[in-house]
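Asker: Would you mind keeping the following structure in view while I ask a few things?
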Amino acid sequence: MNLIQSIIIAIVEGLTEYLPVSSTGHMIITSSLMGIEKDEFVKLFEIAIQLGAILAVVVLYWKKFFDFSKWQFYLKLLIAVIPALILGKLLNDQIDELLESPLTVAISLLVGGVVLLFIDNYFKHPKIEKEEDISYKNGFIIGFWQCLAMIPGVSRSAASIIGGMSEKLTRSAAAEFSFFLAVPTMFAATGYKLLKTFQTNPSLLQDSNNIALLMLGNIVAFVVALLAIKFFITYLQKHGFKLFGWYRIIVGCIVLILLQQGIIK
């Protein structure tokens, strides 16, 4: 992976991490289109640059994250992230294998796109508009929904938002809680990947070129994610999910065609 490729992948991560279109799926497709070999550093890079996207949420919602008087907020996130921590640990090797499969991404994009076309009509009577009204049970169930995103192409954002709407959250409340939940989830995933790399292949983290690419990738992902989050909340409140549903279906079909033609492998 060279400098330009790392910047492109970081832009893709920042744009798609908080949209219901699957950042992991888009990074897999982007890497395949650019002919990047899926070596250990590329896998590490695609996970580690999520730290930049995490910081975007923390900066935008800093009053929420640093109001230590409301300990219930942190407890809700802790409870909600438990399913992902457990299943992520148990299924780590299987997840790594799926990260190399553009076909899995294409199918997940198509199925998820169809779901998003109808999701606005399915949950018509939300009752919860603020995070303060989300119960611990609501958070735990949303956390289980989030685990669907361990399949590349599903989208952590889409899964957790749909989970929130199934628990009677409004679209905007579900999206914001999805953003909040991303912080401990992605921090844990990134930390685990870095620790595992340090234990099994420390030379990757001792290479100055690799460190430079990781730092640049996180900065780019942070800046782009700031813009994407603001856009998504505004758009979602006004228009709902249909645009993202059609986008997923179109991209999924394109990926299947590219696979059939041998352009993506």
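The values are calculated or read from the model by the stated rules, or taken from the named source; none is laboratory data. What you see is a predicted model, and the numbers here were worked out from it, not measured in a lab. Methodologically, a virtual Cβ is constructed for each residue, glycine included, from the backbone with ideal geometry; neighbour enumeration extends over all protein chains shown.
Asker: Give the residue, chosen from E100, E132, that is touching a helix residue (DSSP H, G or I) at 6+ places or on another chain (Cβ under 9 Å) and modelled with pLDDT of 90 or more.
Answerer: Values: E100 fails: modelled with pLDDT of 90 or more.
Step by step, each of E100, E132 is checked, and only E132 is touching a helix residue (DSSP H, G or I) at 6+ places or on another chain (Cβ under 9 Å) and modelled with pLDDT of 90 or more.
Asker: Are any residues in region 99-146 in a loop (DSSP other than H, G, I, E, B) and in contact with an Asp or Glu (Cβ under 7 Å, 6 or more places away or on another chain), and if so, which ones? Even if it seems obvious, please write down each step before you answer.
Answerer: So the first thing to find is which residues in region 99-146 are in a loop (DSSP other than H, G, I, E, B), and the list is 99-101, 123-127, 129-130, 134-135.
Those that are in a loop (DSSP other than H, G, I, E, B) and in contact with an Asp or Glu (Cβ under 7 Å, 6 or more places away or on another chain): none in region 99-146.
Asker: Based on this model, can you work out whether V12 counts as in contact (Cβ under 8 Å) with a residue 24 or more places away in the chain and either at negative phi or within 17 Å of the chain's Cα centre (by Cα) (or both)? Give the derivation first.
Answerer: Working: in contact (Cβ under 8 Å) with a residue 24 or more places away in the chain: no; either at negative phi or within 17 Å of the chain's Cα centre (by Cα) (or both): yes.
No: the conditions fail for V12.
Asker: Is region 82-101 home to any residue that is under 27 Å from L226 (Cβ atoms) and more than 17 Å from the chain's Cα centre (by Cα)?
Answerer: Looking for residues that are under 27 Å from L226 (Cβ atoms) and more than 17 Å from the chain's Cα centre (by Cα), one finds none in region 82-101, hence no.
Asker: I want to confirm something. Restricting to region 207-228 and keeping residues that are polar (S, T, N, Q) and surrounded by fewer than 22 Cβ atoms within 10 Å (Cβ to Cβ), which single residue is nearest to P152 (Cα to Cα)? Reasoning before the result, please.
Answerer: In the first step, residues of region 207-228 are kept if they are polar (S, T, N, Q); the result is 208-210, 218.
Cutting the leftovers down to surrounded by fewer than 22 Cβ atoms within 10 Å (Cβ to Cβ) gives us 208-210.
Details: S208: 30, N209: 28, N210: 24 Å.
By that ranking, first place goes to N210.
Asker: Right, another one. Of the residues G217, G191, only one is small (G, A, S), assigned to a helix (DSSP H, G or I), closer than 16 Å to F45 by Cβ and modelled with pLDDT under 90; which?
Answerer: Values: G217 fails: modelled with pLDDT under 90.
Answer to the selection: G191.
Asker: Taking region 30-72 only, how many residues are β-branched (V, I, T) and free of Cβ contacts under 8 Å to residues at least 40 places away in the same chain?
Answerer: Taking region 30-72 and keeping what is β-branched (V, I, T), we get 30, 36, 42, 47, 49, 54, 57-59.
Filter again for free of Cβ contacts under 8 Å to residues at least 40 places away in the same chain, leaving 30, 36.
The number of residues fulfilling the criteria is 2.
Asker: Considering only residues that are small (G, A, S) and surrounded by fewer than 21 Cβ atoms within 10 Å (Cβ to Cβ), which ones fall in region 101-136? Walk me through it before giving the result.
Answerer: Of region 101-136, the ones small (G, A, S) are 101, 106, 108, 112-113, 135.
Across region 101-136, the qualifying residues are S101, S135.
Asker: Here's something else I'd like to know. Starting from residues that are within 11 Å of the chain's Cα centre (by Cα) and outside any helix (DSSP H, G or I), keep the ones in region 21-41 and report whichever is surrounded by the most Cβ atoms within 10 Å (Cβ to Cβ).
Answerer: Filtering region 21-41 for residues that are within 11 Å of the chain's Cα centre (by Cα) and outside any helix (DSSP H, G or I), the one surrounded by the most Cβ atoms within 10 Å (Cβ to Cβ) comes out as S22.
Asker: Now, a different point. Identify the single condition in (1) in a helix (DSSP H, G or I); (2) within 15 Å of F179 (Cβ to Cβ); (3) not hydrophobic (A, V, I, L, M, F, W, C) that Y18 does not satisfy, given that it satisfies every other one.
Answerer: (1)
Asker: Can T185 be described as closer than 21 Å to Y74 by Cβ, of a type in the set (S, T, N, Q) and surrounded by 24 or more Cβ atoms within 10 Å (Cβ to Cβ)?
Answerer: Working: closer than 21 Å to Y74 by Cβ: yes; of a type in the set (S, T, N, Q): yes; surrounded by 24 or more Cβ atoms within 10 Å (Cβ to Cβ): yes.
Considered against the rule, which asks whether it is closer than 21 Å to Y74 by Cβ, of a type in the set (S, T, N, Q) and surrounded by 24 or more Cβ atoms within 10 Å (Cβ to Cβ), T185 comes out as yes.
Asker: Okay, moving on. Are there any pairs with C-beta distances below 9 angstrom linking a residue in region 229-240 that is surrounded by 14 or more Cβ atoms within 10 Å (Cβ to Cβ) to a residue that is basic (K, R) and modelled with pLDDT of 85 or more, with the two at least 6 apart or on different chains, and if so which?
Answerer: Final answer for the pair search is L236/R171; G240/R171.
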